[in-house]
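Each remark here refers to the structure printed beneath this line.
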Amino acid sequence: MAEKTDTGGAELSMRKASWRHVGPGIVVAATGVGAGDLVATLIAGSKFGYTLMWAAVIGCLVKISLAEAVGRWHLATGRTLFEGWRTLGSWTTVYFVIYVVIWGFVYGATAMSSSALPLHALFGGMELKYWAILCGLVGLAFVWFNKYAVFEKVMTILVGVMFVIVVYVAIRVSPDIGASFAGLAPVLPDGSILYTLGLIGGVGGTITMASYGYWVNAKGWTDSSWMKVMRLDNRVAYVTTGIFVVAMLIVGAELLHASNIALAEGDKGLLSLSDILERRFDETTAKLFLIGFFATSFTSLIGVWHGVSLLFADFVEYYRKQRAEIMFADAAPPTTDSAVAEVAEGQRETSVPFRAYVLWLTFPPMALLWWDQPFQLVIIYGVLGAFFMPFLALTLVWLLNTSRTPHEWRNGWLSNGMLTAAGLLFIVLCVQQVRELPW
């Protein structure tokens with residue numbers, strides 16, 4: 001017999017978790033793992049070999065806890081994450097608005113450039129910045145004209161491409177199985193603390209983790225009867241991400257650490273790895289890796305174009321409703337045709353705020369492809385970005401331990417422990433990132 005739960009006084013049959021439902025978790029995990037994460041993992045492997053394998057595994061568990069908490073909030077309360085933040089005070093709104101405006105402007109250029117690098121290496125033909133513009137325009141058109149169902153299918157295909165290619169390369173470099181298992185023992189070599197923290201907290205952790213609940217709702221999961229399905233979806237996604245990260249660590253350990261080869265920082269380090277693969281194996285392997293590099297970068301681009309735009313649309317929608325309540329406090333409420341009416345979940349992807357933010361991510365950042373990023377903007381972007389993950393982890397602890405969440409879906413000791421540990425970890429990473437800014 002199906003389990004029963006009571007959310008808001010209604011009895012709901014718990015749906016059976018099934019592999020055929022998996023989707024939103026793959027989307028959020030793929031979006032969070034970008035080219036920069038690949039480089040960070042490769043460099044950790046090149047410097048310390050297999051020693052930090054345990055950190056990659058813990059990082060996977062941290063992300064499972066965070067994404068599960070986001071999904072649980074949406075399903076248990078029927079409210080979006082932004083609505084939850086708003087109940088904590090107006091300071092959350094101020095932070096969010098500043099963050100999405102500045103972060104989106106700088107990230108747009110970063111995502112376009114990262115997607116352009118492997119295409120330029122594969123095909124040449126025109127300058128890198130024009131490849132970047134092309135990637136931005138293709139991402140814009142794709143998100144503009146397709147709703148979630150198509151978006152999820154394309155993301156899943158790209159994830160399959162990047163996963164198969166990276167695992168294939170890891171197998172080609174002949175991993176040391178014994179050393180990789182030995183790397184599961186928690187050891188901190190000299191000088192490894194920042195790389196360890198980066199592996200645990202950095203890979204697959206961006207603002208798009210906050211988008212998970214919106215993608216869960218867009219999938220049609222709208223109440224707590226989907227809780228088991230969401231949890232399976234989340235675990236499958238981040239186990240897949242964990243295997244992906246371990247594969248990159250193996251490549252770094254075997255191809256770079258064993259040969260004492262240093263990899264360049266930043267996305268261009270992946271181009272260097274392509275050259276190394278060509279010298280070590282053949283041109284086909286190098287080109288396959290560049291295709292995987294593009295799939296990794298482009299999933300992050302379209303994932304942000306879609307997911308963060310949903311967050312922004314929810315923010316605008318919430319304030320339209322707030323303003324409408326004030327305007328019509330002493331009059332009849334507006335009709336459902338009013339511009340201030342609540343946007344249905346399926347309509348949010350075609351709403352004006354959603355599309356306005358997609359345009360913001362695409363066109364203004366193109367200016368940064370010609371000029372260096374303004375100094376002050378880089379500093380503000382770095383500070384806001386560093387603060388987001390501790391903000392997410394600690395506000396989830398707050399939301400999921402209070403009456404804002406139905407009692408049966410509040411945090412248990414394990415979830416509280418994981419989210420609190422994640423929050424503290426992200427604070428340490430935040431302090432380090434702020435210290436490294438070009439003040």
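The values are calculated or read from the model by the stated rules, or taken from the named source; none is laboratory data. Because the structure is a prediction, the values reported are computed rather than measured. With ideal geometry, Cβ positions are generated from the backbone for all residues, glycine too; neighbour counts draw on all protein chains shown.
Count of the stretch 384-439 residues, restricted to those that are basic (K, R), under 30 Å from S224 (Cβ atoms) and without any contact (Cβ under 8 Å) to a residue 24 or more places away in the chain, is 1. Of all residues in the stretch 56-93, those that are in contact with an Asp or Glu (Cβ under 6 Å, 6 or more places away or on another chain) and within 25 Å of L424 (Cβ to Cβ) total 1. Mind checking which residues of the stretch 83-101 are of a type in the set (A, V, I, L, M) and surrounded by fewer than 18 Cβ atoms within 10 Å (Cβ to Cβ)? Those that are of a type in the set (A, V, I, L, M) and surrounded by fewer than 18 Cβ atoms within 10 Å (Cβ to Cβ): L88, V94, V97, I98, V101. For the stretch 109-126: of the residues being more than 25 Å from the chain's Cα centre (by Cα) and small (G, A, S), which is nearest to G34 (Cα to Cα)? Residue satisfying both the conditions and the ranking: A121. Scanning the stretch 28-61 for residues that are surrounded by 24 or more Cβ atoms within 10 Å (Cβ to Cβ) and of a type in the set (V, I, T) turns up V28, T31, V33, T41, T51.
Hey, any hits in the stretch 168-188 for a residue that's under 21 Å from the mean Cα position of the chain (by Cα) and at pLDDT 90 or above? Give the steps one after another, and end with the answer.
Step one: of the stretch 168-188, the residues under 21 Å from the mean Cα position of the chain (by Cα) are none.
For the stretch 168-188, residues under 21 Å from the mean Cα position of the chain (by Cα) and at pLDDT 90 or above: absent.
Of all residues in the stretch 161-211, those that are farther than 23 Å from L273 by Cβ and hydroxyl-bearing (S, T, Y) total 2. With the structure loaded, tell me whether T284 is part of a helix (DSSP H, G or I) and modelled with pLDDT under 90 or whether it fails that test. It is false that T284 is part of a helix (DSSP H, G or I) and modelled with pLDDT under 90. Under the condition of being surrounded by fewer than 17 Cβ atoms within 10 Å (Cβ to Cβ) and assigned to a helix (DSSP H, G or I), the residues counted in the stretch 173-199 number 7.
Considering only the stretch 104-119, I want to know if a residue exists there that is surrounded by fewer than 18 Cβ atoms within 10 Å (Cβ to Cβ) and in a helix (DSSP H, G or I). The answer is no, given that none of the residues of the stretch 104-119 is surrounded by fewer than 18 Cβ atoms within 10 Å (Cβ to Cβ) and in a helix (DSSP H, G or I).
Here R72, R15, R20 are screened, and the one residue that is basic (K, R), at negative phi and modelled with pLDDT of 90 or more is R72.
Residues that are touching a helix residue (DSSP H, G or I) at 6+ places or on another chain (Cβ under 6 Å), over 26 Å from F354 (Cβ atoms), of a type outside the set (V, I, T) and modelled with pLDDT under 90 occur in the stretch 229-240; there is at least one.
Evaluating L270 against the criteria (1) at pLDDT below 85; (2) touching a Phe, Trp or Tyr at 6+ places or on another chain (Cβ under 8 Å); (3) more than 23 Å from Y107 (Cβ to Cβ) leaves one unmet condition, (3). When the residues of the stretch 385-409 are filtered to those that are of a type in the set (A, V, I, L, M) and assigned to a helix (DSSP H, G or I), the one that is farthest from A76 (Cα to Cα) is A386. Residues that are touching a Leu at 6+ places or on another chain (Cβ under 7 Å) and among the charged types (D, E, K, R) do not occur anywhere in the stretch 164-178.
Comparison of A35, A69 shows that the only residue that is of a type in the set (G, A, S) and closer than 16 Å to V251 by Cβ is A35.
Determine whether the stretch 126-141 contains at least one residue that is loosely packed, with under 15 Cβ neighbours inside 10 Å, of a type outside the set (V, I, T) and not in a helix (DSSP H, G or I). Yes, because at least one residue in the stretch 126-141 is loosely packed, with under 15 Cβ neighbours inside 10 Å, of a type outside the set (V, I, T) and not in a helix (DSSP H, G or I). Scanning the stretch 218-236 for residues that are under 20 Å from the mean Cα position of the chain (by Cα) and surrounded by fewer than 23 Cβ atoms within 10 Å (Cβ to Cβ) yields K219, R231, L232, R235, V236.
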